[in-house]
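As structure tokens, the structure follows; a few thoughts come after it.
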Amino acid sequence: MFRSLATKLAAPACFALRARAQAVPATFIRLSHHEEGHNEAWGDFYYGHQGIRPIGPTTVAPAFEGQAVVNGEFKTISLKDYKDKWLIFFFYPLDFTFVCPTEIIAFSDRAAEFRKLNTELVACSCDSHFSHLAWINTPRKDGGLGDMQIPVLSDFSKKIARDFGVLCPKTGLSYRGLFLIDPKGIVRYSGCNDLPVGRSVDETLRLLKAFQFFEKHGEVCPADWEEGEESINTKNPKKYFGNKNK
């Protein structure tokens, strides 16, 4: 009786959802990089409803290319430059602001730690490359970036921020989006902060090491996992839970 009643109540909602789904055009090309026959993702695209590309874990990172400041000079860089490497690609709202230099400097000053893990970093905002250079040439004591160990990419057209889903349409600024992209061009982690709060370099490193550990050993990493701590063998999870709950 209860099942029959539930079916009657759910039927109108199901028809409504189906009608809405049919009314919204979807152009999904593929669901996951795990799909058979797709070992490499570079150059592919992943589109969602109404042309929006939902960027998140297991999706293909959108291709990007633009002018960046690299070692004090203008240089064109693209996602393809980082093939076979891990990439931390992070957006920030605006040059010559307050929280932004603290984040970029924090990542830049620890770039060597990431490179030991076959990982590069790229910072990106919707400012021009000329603005980036002026900011880099401003001393840190005056709110500038100073010497940079990582590229600072210009997204003046806002296309890259829009493709990654971090563009605020009202302000034309990018939110604080961060994407961990693996050597095959697949997003393994995505996170986005609102404008007032900066991100953690330590947490980014922890996530990177955890994903690399999984790729190498095939064991999953529990909450707050740090390098050297016990992981979980999914074929024998009781070993971990037994050790953790003695």
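The values are calculated or read from the model by the stated rules, or taken from the named source; none is laboratory data. Everything numeric in this text was worked out from a predicted model, so none of it was measured. Here Cβ is always computed from backbone atoms with ideal geometry, including for glycine, and neighbour counts include all displayed protein chains.
Every residue in the stretch 185-200 that is surrounded by fewer than 19 Cβ atoms within 10 Å (Cβ to Cβ), touching a residue at least 40 places away in the same chain (Cβ under 8 Å) and hydrophobic (A, V, I, L, M, F, W, C), please.
Leu195, Val197
Are there strands (runs of 3 or more DSSP E) fully within the stretch 73-162 with at least 3 residues that are over 19 Å from Ser174 (Cβ atoms)? List them. Steps first, answer last, please.
Working: elements: 73-78, 86-91, 119-125, 152-154.
Ranges flagged: 73-78.
Pick from the stretch 64-84 the residues that are surrounded by 15 or more Cβ atoms within 10 Å (Cβ to Cβ) and touching a Ser or Thr at 6+ places or on another chain (Cβ under 7 Å): which of them is nearest to Tyr189 (Cα to Cα)?
Here the residue is Phe64.
Which condition number does Thr204 fail, the rest of (1) over 19 Å from Asn118 (Cα atoms); (2) at pLDDT 95 or above being met?
(1)
Looking at Glu73, Glu120, Glu113, Glu103, which is the one that is closer than 18 Å to Leu180 by Cβ and over 18 Å from the mean Cα position of the chain (by Cα)? Lay out the reasoning, then the answer.
Working: Glu73 fails: closer than 18 Å to Leu180 by Cβ; Glu120 fails: over 18 Å from the mean Cα position of the chain (by Cα); Glu103 fails: over 18 Å from the mean Cα position of the chain (by Cα).
Sole residue among the options that is closer than 18 Å to Leu180 by Cβ and over 18 Å from the mean Cα position of the chain (by Cα): Glu113.
Can you pull out every residue in the stretch 201-227 that is among the hydroxyl-bearing types (Ser, Thr, Tyr) and surrounded by fewer than 18 Cβ atoms within 10 Å (Cβ to Cβ)?
Residues of the stretch 201-227 that are among the hydroxyl-bearing types (Ser, Thr, Tyr), as a first pass: 204.
Matches in the stretch 201-227: none.
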